[in-house]
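Trainee: I'd like to ask some things about the structure below.
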Amino acid sequence: MRLPEKSAINEQWQALLIAMQFLTQIPVRLTKYPEAHAQGQSLLYYPLVGMFIGAVLMMFSWLLSEQSHVIQAALVLIIWVLLTGGLHLDGLADSADGWMGGLGDQQRTLAIMKDPHIGAIGVLVLILLLLLKWSALMALLEANQLLPLLVAPVVARLAAIFLLATTAYVRAQGIASQMVENMPKRGIYLWATAGVLALAGWQFFWLILVVVLFLLARRAMVLRINGVTGDTTGALIELLEVGVLIAACLTL
């Protein structure tokens, strides 16, 4: 059996580090600026990074099990935000501002989303989403159901790369443009198929809710901006994370 070449192994390791560096606040140091191909390959590791995030959340939930469920849920949520650096929350806030202020116009929506300042609608949406996520966490922790904390980050990031693989990226110089141009679509489709089969055989209701949320979000993006951006992809991750948590609460 022929072993993989050392260069191929190094590229995959670099792709994993790129994904970890981009999606988390873990101090990852790259020895050199990542090549375009490695950036594209990094998308394949998004679900694995999601699994890492979920595992950390489960561990902290277990360590905090002696605390009240209110405090426990709040601390887990804070750890969640700190671990990801609020990257996707920022995308959600920008998307909310753009959708409300864009008045149905593509270019106006994109311009507002690019503005680094957050508007009142963005703040309101963030508050509501975090409140919903905290409430779901408290219900799950009270029921001693920790597995959804692992599943939610994985499913959300798997859906995000599938979105990028199936929808036009509308910013030529966007934060994910190099990744999208060099993405391994076949690998992403295999990931998506495995994820669908796993959810279908385990929690079919979760799968239905995730698919509905995904299709509604993608349709809104295509109708408004004719595709996706890094911000709207981040917004999808946040919406699907809370969607999985709510689905888990509904099936307790």
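Trainee: Output the number of the condition that Met183 fails; it satisfies all remaining conditions of (1) surrounded by fewer than 19 Cβ atoms within 10 Å (Cβ to Cβ); (2) outside any helix (DSSP H, G or I); (3) touching a helix residue (DSSP H, G or I) at 6+ places or on another chain (Cβ under 8 Å).
Mentor: Condition (1) is where Met183 drops out.
Trainee: Among the residues of region 137-170, count how many are part of a helix (DSSP H, G or I) and of a type in the set (S, T, N, Q).
Mentor: Result for region 137-170: 1.
Trainee: Would a scan of region 71-82 turn up a residue that is modelled with pLDDT of 95 or more, of a type in the set (Phe, Trp, Tyr) and out of contact with any strand residue (DSSP E or B) (no Cβ under 6 Å at 6 or more places or on another chain)?
Mentor: yes
Trainee: Quick one: which of Ala200, Ala220 is at pLDDT below 95, of a type in the set (Gly, Ala, Ser) and assigned to a helix (DSSP H, G or I)? Give the derivation first.
Mentor: Details: Ala220 fails: at pLDDT below 95.
Result: Ala200 is the single residue among Ala200, Ala220 that is at pLDDT below 95, of a type in the set (Gly, Ala, Ser) and assigned to a helix (DSSP H, G or I).
Trainee: Follow-up question, since we're still on this one. So Thr232 ticks every box in (1) within 21 Å of Leu149 (Cβ to Cβ); (2) in contact with an Asp or Glu (Cβ under 9 Å, 6 or more places away or on another chain) but one. Which box is left unticked?
Mentor: (1)
Trainee: What are the residue pairs meeting all of these: first residue in region 37-66, first residue more than 23 Å from Leu163 (Cβ to Cβ) and without any contact (Cβ under 8 Å) to a residue 12 or more places away in the chain, second residue of a type in the set (Ser, Thr, Tyr) and not in a helix (DSSP H, G or I), Cβ atoms under 8 Å, and 6 or more apart or on different chains?
Mentor: Matching pairs, first to second residue: none at all.
Trainee: Considering each of Ala96, Ala111 in turn, give the residue that is within 15 Å of Thr232 (Cα to Cα) and exposed (fewer than 15 other Cβ atoms within 10 Å of the Cβ).
Mentor: Values: Ala96 fails: exposed (fewer than 15 other Cβ atoms within 10 Å of the Cβ).
After ruling out the rest, the residue left standing is Ala111.
The values are calculated or read from the model by the stated rules, or taken from the named source; none is laboratory data. These figures come from a predicted structure and were not determined experimentally. Neighbour counts run over all protein chains shown; Cβ positions are idealised from the backbone, glycine included.
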